[in-house]
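> My questions all concern the structure below.
The values are calculated or read from the model by the stated rules, or taken from the named source; none is laboratory data. Model, not experiment: these values are computed from the prediction. Reconstructed Cβ throughout: ideal geometry from the backbone, glycine too, with neighbour counts over all protein chains shown.
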Amino acid sequence: MPLHTSRTLLKATPQDAFDYLTTPACWHEWHPASVGTEPDTRVPQPKGAAFEENIRTAGFRRRLSWRVVEVRRPFLWEAVATINDGSSVCLRYEFAPDNGGTAFTRTLQYTVKPLWLRLIDTVIGRFRIRMETTSALRRLQQRFEQALVAGPDAVARDP
């Protein structure tokens, strides 16, 4: 089961970072793999919430059915997803105060069921996911830096 953990420092309070990042309707604004979610609800998703996400990663389009399984605002948010081919994903966000900002840790763990897709994941998929994550965290940092200049509600608006 591949595991990708990444960390970055965000120029935001843990509450602001938590509220933005746990709003899946905003994911497409900073993560290159996210195409959009349904419903397009622009509020943090509580424990038990369910939503669908369309993604494009490693050259494939997929639809994930998410369910939020743990929430401890503003420190932790975790959701699990299934895909119709039997694959699954666990996404965990952790937030900690750090020098006036927030240390954000994103952990992605997944299983790939179809054998042919497991082979692709081993050869290029994991590398592509690491590249997408690096890009996503850079974009996320930029969103919060721009919000400092534009005002407190700027991070919640589409670019």
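> Give region 97-106 a look and list any residue that's buried (at least 16 other Cβ atoms within 10 Å of the Cβ) and not basic (Lys, Arg), or say none. Give the derivation first.
As a first pass, look at region 97-106 and keep what is buried (at least 16 other Cβ atoms within 10 Å of the Cβ): 101-104, 106.
Within region 97-106, GLY101, THR102, ALA103, PHE104 meet the criteria.
> Out of everything in region 57-79 that is within 13 Å of the chain's Cα centre (by Cα) and among the aromatic types (Phe, Trp, Tyr), what residue ends up being farthest from THR23 (Cα to Cα)?
The selected residue is TRP66.
> Of everything in region 64-87 that's of a type in the set (Asp, Glu) and in a strand (DSSP E or B), which residue is farthest from THR105 (Cα to Cα)?
Taking region 64-87 and keeping what is of a type in the set (Asp, Glu), we get 70, 78, 85.
After this cut, where a residue has to be in a strand (DSSP E or B) as well, the list is 70, 78.
Details: GLU70: 15, GLU78: 12 Å.
Among residues in region 64-87 that are of a type in the set (Asp, Glu) and in a strand (DSSP E or B), the one farthest from THR105 (Cα to Cα) is GLU70.
> To continue, here is another question. Quickly run through region 29-46 and pick out the residues that are under 22 Å from ARG130 (Cα atoms), free of Cβ contacts under 8 Å to residues at least 60 places away in the same chain and surrounded by fewer than 18 Cβ atoms within 10 Å (Cβ to Cβ).
VAL35, GLY36
> Same structure, new question: Looking only at region 47-102, filter to residues that are among the acidic types (Asp, Glu) and free of Cβ contacts under 8 Å to residues at least 24 places away in the same chain; which one of those is farthest from CYS26 (Cα to Cα)? Break it down into steps so the answer makes sense when it comes.
The first filter runs over region 47-102 and keeps only residues among the acidic types (Asp, Glu), leaving 52-53, 70, 78, 85, 94, 98.
When the remaining residues are screened for being free of Cβ contacts under 8 Å to residues at least 24 places away in the same chain, the result is 52, 70, 78, 94.
Numbers: GLU52: 13, GLU70: 19, GLU78: 16, GLU94: 17 Å.
Per the stated criteria, the residue is GLU70.
> In region 90-99, which residue that is of a type outside the set (Asp, Glu) and over 17 Å from TYR20 (Cα atoms) is modelled with the lowest pLDDT? Give the steps one after another, and end with the answer.
Start the filter on region 90-99 by keeping residues that are of a type outside the set (Asp, Glu), which leaves 90-93, 95-97, 99.
Now narrow it down to the ones that are over 17 Å from TYR20 (Cα atoms): 90, 99.
Working: CYS90: 98, ASN99: 92.
Top of the filtered list is ASN99.
> Testing VAL112 on (1) crowded, with 19+ Cβ neighbours inside 10 Å; (2) closer than 16 Å to LEU21 by Cα; (3) at pLDDT 70 or above, one condition comes back false. Which one is that?
Failing condition for VAL112: (2).
> It is to be established whether one or more residues within region 58-67 are of a type in the set (A, V, I, L, M, F, W, C), at pLDDT 95 or above, in contact with a strand residue (DSSP E or B) (Cβ under 7 Å, 6 or more places away or on another chain) and under 21 Å from ALA103 (Cα atoms). Reasoning before the result, please.
Initial filter on region 58-67 (of a type in the set (A, V, I, L, M, F, W, C)): 58, 60, 64, 66.
Keeping just the survivors that are at pLDDT 95 or above gives 64, 66.
Right, trim to in contact with a strand residue (DSSP E or B) (Cβ under 7 Å, 6 or more places away or on another chain) and you get 64, 66.
Next, only the ones that are under 21 Å from ALA103 (Cα atoms) stay: none.
So far as region 58-67 goes, no, none of its residues is of a type in the set (A, V, I, L, M, F, W, C), at pLDDT 95 or above, in contact with a strand residue (DSSP E or B) (Cβ under 7 Å, 6 or more places away or on another chain) and under 21 Å from ALA103 (Cα atoms).
> Please go through region 1-17 and give me each residue that is among the basic types (Lys, Arg) and either within 14 Å of ARG128 (Cα to Cα) or loosely packed, with under 14 Cβ neighbours inside 10 Å (or both), ordered by number.
So the first thing to find is which residues in region 1-17 are among the basic types (Lys, Arg), and the list is 7, 11.
Once the filter is applied, which keeps residues that are among the basic types (Lys, Arg) and either within 14 Å of ARG128 (Cα to Cα) or loosely packed, with under 14 Cβ neighbours inside 10 Å (or both), region 1-17 yields only ARG7.
> Being of a type in the set (Ser, Thr, Tyr) and out of contact with any Cys (no Cβ under 9 Å at 6 or more places or on another chain) is the filter here; which residues of region 10-33 pass it?
Initial filter on region 10-33 (of a type in the set (Ser, Thr, Tyr)): 13, 20, 22-23.
Those that are of a type in the set (Ser, Thr, Tyr) and out of contact with any Cys (no Cβ under 9 Å at 6 or more places or on another chain): THR13, THR22, THR23.
> Now, a different point. Report yes if ARG61 is over 18 Å from ARG138 (Cα atoms) and exposed (fewer than 13 other Cβ atoms within 10 Å of the Cβ), otherwise no. Can you show your working first?
Values: over 18 Å from ARG138 (Cα atoms): yes; exposed (fewer than 13 other Cβ atoms within 10 Å of the Cβ): yes.
It is true that ARG61 is over 18 Å from ARG138 (Cα atoms) and exposed (fewer than 13 other Cβ atoms within 10 Å of the Cβ).
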